[in-house]
Structures are given as C-alpha cells and as structure tokens.
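To keep things clear, I will list the structure first and then write my remarks on it.
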Amino acid sequence: MRNRAAQGRQDANQPEIVAALQYMGATVQVLSAVGQGCPDILIGWKGQNYLVEIKNPDKPKGDQKLTPDQVKWHGWWTGQKAIARTFEEVMTIINGAQEHD
C-alpha cells in the first residue's frame, strides 16, 4: 500500500477537471487522500454517482497506468468506476453511464 505522503497526491489536471464539473453544476468530492487505490473523485450528477480515477494525459503512457493499489481496488469494486484523462472523457462517462476501465 502507498505511504501516507503519497496518499494526498493528485494529477496536475485534477483541479481543472473538478472546477469544470462544479461549474456545470455537478457536486464533486475529492477522494485523493483516501489512498489504498480508491479513485480520485466522486461525482454527483443528475441523481447518479460516479467514481473516477484521474490520470494526466501529459505524462508518458507508462506513468498513466493504474498503480498496484488501484488495480487491486478496481478488481475488488463491483460498482461503477472509470478512468479519465480529460474533462471530455469525464463527460462521456457521466453521460454514457457505463463502466470505462
């Protein structure tokens, strides 16, 4: 499992995505500090909840992969979860309401 120092990390694009979601009226709970593979944000939109792991598209592809804890969490979680790199990808997730791993 990640150490406490790493648990609060977030990708550089996360604040921008959160701000855009909030601007359009979504509620967003940042979960980055939870650690243990939990996705970065919980979005409330039109009566539904969405768990989204944010990855930075500006990083090399190898750095965009899920961490071992994230892989474990995604394998364990039986509900909706998704991975997004941009606000547009998040919109596809919440408008399509399907799992995107």
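Evaluate the charge dipole of the chain about its Cα centre and quote only its size in Debye, nearest 20, assuming +1 on the Cβ of each Lys and Arg and -1 on the Cβ of each Asp and Glu.
On the way: 11 positive and 11 negative charges, 57 e Å.
The dipole of the chain has a size of about 280 debye.
Looking at the chain as a GNM with Cα springs under 10 Å, which of Gly62, Gly44, Gly79 has the largest mean-square fluctuation?
Gly62
If you add up the charges near Asp63, with Lys and Arg at +1 and Asp and Glu at -1, over every other residue whose beta carbon is less than 10 angstrom from its beta carbon, what do you get? Don't skip to the end; give the middle numbers.
On the way: positive: Lys55, Lys59, Lys61, Lys65; negative: Asp11, Asp58.
Local net charge: +2.
Name the residue, out of Val18, Val71, Val28, whose mean-square fluctuation peaks in a Gaussian network model built on the chain with Cα pairs under 10 Å.
Residue with maximal mean-square fluctuation among Val18, Val71, Val28: Val71.
Excluding Trp73 itself, what net charge comes from residues whose Cβ is under 10 Å from its Cβ, given Lys and Arg +1 and Asp and Glu -1? If you can, show how the numbers build up before the last one.
On the way: positive: Lys72, Lys81; negative: Glu53, Asp69.
Charge balance in the 10 Å sphere: 0.
Just to check, using Stokes-Einstein with a Kirkwood Rh over alpha carbon pairs, what's the diffusion coefficient of the chain at 25 °C and 0.890 mPa s in µm²/s? Mind dumping the intermediate values first?
Values: Rh = 13.7 Å.
Taking Rh from Cα pairs, D becomes 180 µm²/s.
With contacts defined as alpha carbon pairs under 8 Å and 6 or more residues apart, what's the relative contact order of region 19-63 in percent?
Numbers: 52 pairs, mean separation 11.6, N = 45.
Once normalised by length, the contact order is 26 percent.
Select from Val18, Ala84, Leu66 the residue farthest towards the positive end of the dipole of the chain; place +1 on Cβ of Lys and Arg, -1 on Cβ of Asp and Glu, and compute about the Cα centre.
Result: Leu66.
Roll a 1.4 angstrom probe over the protein heavy atoms and tell me the percent of accessible area of region 40-101 that is carbon or sulfur.
Numbers: 1940 of 3610 Å².
Whole-percent figure for carbon plus sulfur exposure: 54.
Give, in nm to one decimal, the length gained when the segment between Gln80 and Ala33 is fully stretched (0.36 nm per residue of separation minus the Cα-Cα distance). Intermediate values should be presented prior to the final figure.
Details: separation 47, 0.36 × 47 = 16.92 nm, distance 1.99 nm.
Between Gln80 and Ala33, full extension yields an extra 14.9 nm.
Report, in whole Å, the centroid distance computed from the Cα atoms of region 67-83 and region 26-44.
Using only Cα atoms to place each centre, the spacing works out to 13 Å.
Give me the number: length gained by fully extending Arg9 to Met24, i.e. 0.36 nm times residue separation minus the C-alpha to C-alpha distance, one decimal in nm.
On the way: separation 15, 0.36 × 15 = 5.40 nm, distance 2.49 nm.
Difference between extended and current length: 2.9 nm.
List the relative contact order of the chain as a percent without decimals, with contacts defined as Cα pairs under 8 Å and 6+ residues apart.
Values: 146 pairs, mean separation 24.1, N = 101.
Rounded, it is 24 percent for the chain.
The values are calculated or read from the model by the stated rules, or taken from the named source; none is laboratory data. All of these numbers come straight from a predicted model, not from anything done at the bench. So basically every Cβ, Gly included, is an ideal-geometry build from the backbone, and we count neighbours across all protein chains shown. These accessible areas exclude ligands, DNA and RNA; they are computed on the full protein's heavy atoms, side chains included. Shrake-Rupley method; radii C 1.70, N 1.55, O 1.52, S 1.80 Å.
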